[in-house]
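Enquirer: Here it is, the structure, as structure tokens.
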């Protein structure tokens with residue numbers, strides 16, 4: 001990235017007095033078309049496909065070859081003007097077409113299908129929240145019935161708290 005590129009996506013910026021502004025502008029639009037709401041055919045592919053169609057994208061693997069050399073981890077997209085690349089940046093995301101899962105760049109590589117959340121809501125009802133304390137396992141002896149009842153009650157309370165069963 002240079003002072004002539006945008007900070008996040010490395011899009012070409014128009015310097016003052018730039019001749020042929022449409023070239024720079026069109027390049028930025030082509031890169032935005034790949035990066036915004038990105039969808040990818042494959043993740044960790046190292047060789048370009050033989051017959052890509054305009055608009056198709058891939059996440060380049062760690063050992064790229066051919067036209068993808070030097071673009072490890074990037075989103076590679078085929079356009080009418082050939083291959084374009086969006087460099088991997090922490091937080092960049094893409095949807096993997098065949099699985100429907102999100103791929104997120106963590107700054108070191110791409111993670112497919114990981115979901116991070118403080119809570120999960122379904123129809124406004126919390127289903128999963130923060131992990132609760134461990135439940136004591138009954139140990140036996142003369143109070144086994146009371147211990148078992150307390151253990152089952154604690155399990156039921158936690159299942160209700162997480163919305164997995166109704167109250």
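Taken together, the values in this text are just the output of simple stated rules run on the coordinates, not laboratory data. Being a predicted model, the structure only gives us computed values, none of them experimental. Positions of Cβ are backbone-derived with ideal geometry, glycine not excepted, and every protein chain shown enters the neighbour counts.
Enquirer: May I ask for log10 I(q)/I(0) of the chain at q = 0.14 Å⁻¹, from a Debye sum over the Cα atoms as equal point scatterers with solvent left out?
Expert: Reported log10 I(q)/I(0), two decimals: -0.80.
Enquirer: Moving on to the next point. Most mobile of 18, 37, 101 per a Gaussian network model of the chain (Cα springs, under 10 Å)?
Expert: It is 18.
Enquirer: If you line up the long axis of helix 144-161 against the longest principal axis of the chain, both from Cα atoms, how many degrees apart are they, to the nearest 10?
Expert: 30
Enquirer: Counting only DSSP beta bridges with both residues in the chain, tell me the antiparallel percent, nearest 5.
Expert: Values: 18 of 23 bridges.
Antiparallel bridges make up about 80 percent of those DSSP assigns within the chain.
Enquirer: Cα axis of helix 21-35 to longest principal axis of the chain: angle in degrees, 0 to 90, nearest 10?
Expert: Long axis of 21-35 versus the principal axis of the chain: about 20 degrees.
Enquirer: What nm distance separates the two modelled labels at residue 165 and residue 131, each placed 7 Å from Cα along Cα→Cβ?
Expert: Reported label-point gap for residue 165 and residue 131 is 2.2 nm.
Enquirer: Could you check the simple spin-label distance between residue 95 and residue 51, using points 7 Å along Cα→Cβ, in nm with one decimal?
Expert: Placing both labels 7 Å beyond Cα along the Cβ direction yields 2.6 nm.
Enquirer: Right, something else. State the antiparallel share, in %, of DSSP beta bridges confined to the range 21-112, rounding to the nearest 5.
Expert: Details: 14 of 19 bridges.
Expressed as a percentage, antiparallel bridges in the range 21-112 total about 75.
Enquirer: Most exposed first by the Cβ proxy, i.e. fewest other Cβ within 10 Å, how do 60, 40, 125, 23 rank?
Expert: Numbers: 60 29, 40 23, 125 9, 23 12.
Sorted ascending by nearby Cβ count, the order is 125, 23, 40, 60.
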